[in-house]
Amino acid sequence: MGPTQSFLLSIPSKFQPLRSRTVNLRDSDYGNLEKWRSSNSPFPQQQSKQEMDISTSQKLTLGYAALVGVGGIMGYVKSRSHISAIAGGLSASALYYVYTELPNRPGFASSLGLGVSTMLLGSMGSRYLKSRKIFPAGVVSALSLVMAGVNATLCMRDAGRTASRQSQ
């Protein structure tokens, strides 16, 4: 019995799960060592900057879609405005579509999100300027301004990546 085997047998029984994960490495196995470490790591893998940005923008878009949809329903319930319900439902549906498309087609999705948030900013911003009411026009205008900025940033970032790929 070699020194490694005798050491493994001396591990107390409460550490048996660790014993089963012990690996004997040869020189040819060192290339796979990093792969094994990363797959068995108790710590989550670090996301790349692009994945993290898309995840954050997805969360913001989903929250924005929910608020717009709930706002449309509230407008209908409060004043029986069918236009509020239809506009809120269509805007929320378009924003939900943006949410689902961001990982697959970030350029297209962020362009569509920019269009929807800009239209909501225009309509609710003009309503806020006329009425000076913070809720709902002021809140939706502020959220639309923030989301227009987020989507414009994503559009520019995607355009920059496309331009750099074409120049190579």
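The values are calculated or read from the model by the stated rules, or taken from the named source; none is laboratory data. What you are looking at is a predicted structure, and each value in this text was computed from that prediction instead of being measured. We place every Cβ from the backbone using ideal geometry, glycine too, and count neighbours over all the protein chains shown. Surface accessibility is based on the protein's heavy atoms, side chains included, excluding ligands, DNA and RNA. Shrake-Rupley method; radii C 1.70, N 1.55, O 1.52, S 1.80 Å.
Figures for the structure shown
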quantity: Which listed residue is in a helix (DSSP H, G or I), open to solvent by less than 60 Å² (accessible area, probe 1.4 Å), in contact with a Cys (Cβ under 8 Å, 6 or more places away or on another chain) and of a type in the set (Ser, Thr, Tyr), from Ser126, Ser117, Ser110; calculated: Ser110
quantity: The range 67-97, subset closer than 25 Å to Ser57 by Cα and in contact (Cβ under 8 Å) with a residue 40 or more places away in the chain, residue surrounded by the fewest Cβ atoms within 10 Å (Cβ to Cβ); calculated: Leu67
quantity: Lone unmet requirement of (1) part of a loop (DSSP other than H, G, I, E, B); (2) open to solvent by less than 40 Å² (accessible area, probe 1.4 Å) for Asn104; calculated: (2)
quantity: Failed item in (1) open to solvent by less than 70 Å² (accessible area, probe 1.4 Å); (2) over 16 Å from the mean Cα position of the chain (by Cα), with Gly63 passing the rest; calculated: (2)
quantity: Every residue from the range 101-115 that is out of contact with any helix residue (DSSP H, G or I) (no Cβ under 8 Å at 6 or more places or on another chain) and over 16 Å from Ala148 (Cβ atoms); calculated: Asn104, Arg105
quantity: Hey, Leu33 at pLDDT below 95 and surrounded by fewer than 16 Cβ atoms within 10 Å (Cβ to Cβ) or not; calculated: yes
quantity: Those residues of the range 132-158 which are in contact with a helix residue (DSSP H, G or I) (Cβ under 7 Å, 6 or more places away or on another chain) and open to solvent by 50 Å² or more (accessible area, probe 1.4 Å), in sequence order; calculated: Pro136, Leu143, Leu145
